[in-house]
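Here the structure is laid out as structure tokens; the discussion comes afterwards.
The values are calculated or read from the model by the stated rules, or taken from the named source; none is laboratory data. In this text, all values refer to a predicted model and were calculated from it rather than measured experimentally. Glycine also receives a Cβ, built like all others from the backbone with ideal geometry; neighbour counts cover every protein chain displayed.
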Amino acid sequence: MSVFKNEIYKNSRMREFLFFFFIIFTIIFIFFELKNGRYWQSDFEVYYKSAKRALLGENLYRPDEDGFYRFKYSPFSAYLFIPFTLFSFTYAKYLYSFFISLLMFFNFLYCFLLGSEILIEKLKNKKNINSYLILVFLFSLLPLGVFYVRELHLGQINILLLFLYIYSFYLLRHNNNMSFFILAISCFIKPYFLIFLMYFLYQKNIKAVFLTIFSVIFISFIPLFTYKFKIFIEQNYLWFNELKIEIFRQGSVSGDSNISLFSFIDRYFPISFNNSIIIKKMFIISLCGLFLVYFFNKTKILLSKNLKIFYDFSLLCLFISLLTSNGKSVYILLLPSIFIISSVISKYNYFLIILFSISCAILGLDIGDGGIYTKWIRTYYLLPSSGLILIICLLISLKKANSNYISDPIPLSESLPLTK
């Protein structure tokens, strides 16, 4: 097996292919955006403006002045965009587009590394290794291409969030405590990291919980470098107020703009709890929690420790997409799940192929906001259904990802044709 590993890890063709693919795609994307007068980067403009305000110690939260495109994240998150303020916005948005694509490159890079046990087994009888890896990459990217393009168009931060999650769990796999600091950073962008804290608690990993919470506390005080203490407190209060507004905004279970699992269940499986939305949501979350426990137990029995981390992490990211309702861009977090299924699928798994194709079709064809197909997807809440189908696919893939795969960890020095 060691000889085989050296055979697939000795070159960097796949890494170079990934890198140049995203660079060239970004150049082409920017060209057509400029040609069509659509290179807006509306969300990035908010982050850029907020970074400048943070440097000057000014108020970040100005709903009356900024209108719809206003800053709603933590004070610390504005600091993440300070490097872009070295340039005018005209040039900064070009840099941010390439930055997003670079993050996508790393997202795929770490997916290949986290899923290396699957790939080694699948590549045993493959003559053209790089061709197979490229197919895995394309099958993983195509369903999510529309969300990637949307991130580039608006300059959003979901790909950054995905990178923080993937890199954190990659470090966790190698017992690096920086994992928890990286995860803590994600908290200040969107508080989805709570689902990972619950995972650590379930795993009885008290060290992970402690280090993550400690990192959150430490990072939260960084804005004191440019803010006086009183203003610092006010800014955090305004941030919590924005969080409260966002929670109440998502409180309505129904509605075309709500594409969460809650809306899907309300549409097809109406459950009455004396018209209490909170109780209904808690019931659904409890069912999700029970399923997560079942899945984690299955991965513990069937998979090696390293592969279990990747499967568990993928499902957690999938549930983040299902349980949030603040826009379809968050479905970019399905990448790890789609990557796993693309890696294990074969021409003999007819049922898995059919299910996976249906899910990918729903995701990949959701182009634009005003098309007939898009309206159809929203009317029938098909995006959540694609996530549910992926869960079934993950369960099926578990049967193929048991003792057939190697159980020894991949050394950091032996990373797929991607890191040398």
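Yes or no: segment 328-338 includes at least one residue that is farther than 19 Å from LEU141 by Cβ and either in a loop (DSSP other than H, G, I, E, B) or not acidic (Asp, Glu) (or both).
Checked segment 328-338: no residue is farther than 19 Å from LEU141 by Cβ and either in a loop (DSSP other than H, G, I, E, B) or not acidic (Asp, Glu) (or both).
Give the residues of segment 65-107 that are among the aromatic types (Phe, Trp, Tyr) and modelled with pLDDT under 95, sorted by residue number.
Result: PHE68, TYR69, PHE71, TYR73.
Check segment 298-315 and report whether any residue there is farther than 30 Å from ARG173 by Cα and either modelled with pLDDT of 85 or more or in a helix (DSSP H, G or I) (or both).
No, the conditions are met nowhere in segment 298-315.
Looking only at segment 10-18, decide whether some residue is aliphatic (A, V, I, L, M) and at pLDDT 95 or above.
No, the conditions are met nowhere in segment 10-18.
Out of the residues in segment 234-252 that are closer than 18 Å to VAL330 by Cα and surrounded by 12 or more Cβ atoms within 10 Å (Cβ to Cβ), which is modelled with the highest pLDDT? It would help to see each step written out before you state the result.
Here is the first cut: in segment 234-252, the ones closer than 18 Å to VAL330 by Cα are 243, 246-247, 249-251.
Next, from what is left, pick out any that are surrounded by 12 or more Cβ atoms within 10 Å (Cβ to Cβ): 243, 246, 249-251.
Working: LEU243: 88, GLU246: 76, ARG249: 63, GLN250: 60, GLY251: 54.
Of everything passing the filter in segment 234-252, LEU243 is modelled with the highest pLDDT.
Residues in segment 345-368: is at least one assigned to a loop (DSSP other than H, G, I, E, B), of a type in the set (Val, Ile, Thr) and within 21 Å of the chain's Cα centre (by Cα)?
Yes, that holds for at least one residue.
Can you list residue pairs whose Cβ atoms sit under 7 Å apart, with the first residue in segment 79-98 being among the charged types (D, E, K, R) and the second being assigned to a helix (DSSP H, G or I)? Count only pairs 6 or more apart in sequence or on different chains.
LYS93/PHE44
Checking the structure you have, find out if any residue of segment 123-138 is among the hydroxyl-bearing types (Ser, Thr, Tyr) and under 23 Å from LEU55 (Cβ atoms).
no
Cβ-Cβ under 6 Å, sequence separation 6+ or interchain: first residue in segment 133-154 and farther than 16 Å from PHE106 by Cβ, partner surrounded by 17 or more Cβ atoms within 10 Å (Cβ to Cβ) and among the acidic types (Asp, Glu). Which pairs?
Partner pairs satisfying both residue conditions: VAL146/ASP366; LEU154/ASP43.
Among the residues in segment 89-104, are any of a type in the set (A, V, I, L, M), more than 30 Å from ILE345 (Cα to Cα) and surrounded by fewer than 21 Cβ atoms within 10 Å (Cβ to Cβ)? Outline the logic, then answer.
Just the residues of segment 89-104 that are of a type in the set (A, V, I, L, M), to begin with: 92, 95, 100, 102-104.
Cutting the leftovers down to more than 30 Å from ILE345 (Cα to Cα) gives us 92, 95.
Imposing the further condition that a residue be surrounded by fewer than 21 Cβ atoms within 10 Å (Cβ to Cβ) reduces the set to 95.
Yes.
Can you tell me which of LEU333, LEU323 is at pLDDT 95 or above, more than 19 Å from LEU119 (Cβ to Cβ) and under 22 Å from the mean Cα position of the chain (by Cα)? Give the derivation first.
Details: LEU323 fails: at pLDDT 95 or above.
On inspection, the qualifying residue turns out to be LEU333.
Quick one: which residue in SER385, SER415 is modelled with pLDDT of 65 or more, among the hydroxyl-bearing types (Ser, Thr, Tyr) and surrounded by 13 or more Cβ atoms within 10 Å (Cβ to Cβ)?
SER385
From the set of residues in segment 220-233 that are in contact (Cβ under 8 Å) with a residue 60 or more places away in the chain and more than 15 Å from TYR79 (Cα to Cα), which is surrounded by the fewest Cβ atoms within 10 Å (Cβ to Cβ)?
LYS228
Given (1) touching a helix residue (DSSP H, G or I) at 6+ places or on another chain (Cβ under 6 Å); (2) surrounded by 17 or more Cβ atoms within 10 Å (Cβ to Cβ), where does LEU142 come up short, assuming only one miss?
Failing condition for LEU142: (2).
Give segment 25-77 a look and list any residue that's in a helix (DSSP H, G or I), in contact (Cβ under 8 Å) with a residue 60 or more places away in the chain, more than 23 Å from VAL149 (Cα to Cα) and of a type in the set (A, V, I, L, M), or say none.
Answer for segment 25-77, where residues must be in a helix (DSSP H, G or I), in contact (Cβ under 8 Å) with a residue 60 or more places away in the chain, more than 23 Å from VAL149 (Cα to Cα) and of a type in the set (A, V, I, L, M): ALA54, LEU55.
If a residue counts only when it is closer than 29 Å to TYR294 by Cα, which helices (runs of 4 or more DSSP H) contained entirely in segment 137-237 have at least 3 such residues?
Where helices (runs of 4 or more DSSP H) fall fully within segment 137-237 and carry at least 3 residues being closer than 29 Å to TYR294 by Cα, they are 158-173, 178-187, 194-202, 206-220.
Checking GLY255 against (1) in a loop (DSSP other than H, G, I, E, B); (2) modelled with pLDDT of 95 or more: exactly one of these is not met. Which one?
(2)
PHE181 is checked against (1) in contact with a helix residue (DSSP H, G or I) (Cβ under 6 Å, 6 or more places away or on another chain); (2) modelled with pLDDT under 95; (3) crowded, with 18+ Cβ neighbours inside 10 Å and fails just one. What number does that condition carry?
PHE181 satisfies all of (1) in contact with a helix residue (DSSP H, G or I) (Cβ under 6 Å, 6 or more places away or on another chain); (2) modelled with pLDDT under 95; (3) crowded, with 18+ Cβ neighbours inside 10 Å except (2).
Restricting to segment 105-136, and then to whatever is assigned to a loop (DSSP other than H, G, I, E, B) and of a type in the set (Lys, Arg), can you tell me which residue is nearest to GLY364 (Cα to Cα)?
LYS126
Kindly indicate whether any position in segment 396-406 is over 21 Å from the mean Cα position of the chain (by Cα), at pLDDT 85 or above, over 19 Å from LEU138 (Cα atoms) and not in a loop (DSSP other than H, G, I, E, B).
Checked against the condition, which is being over 21 Å from the mean Cα position of the chain (by Cα), at pLDDT 85 or above, over 19 Å from LEU138 (Cα atoms) and not in a loop (DSSP other than H, G, I, E, B), segment 396-406 yields at least one hit.
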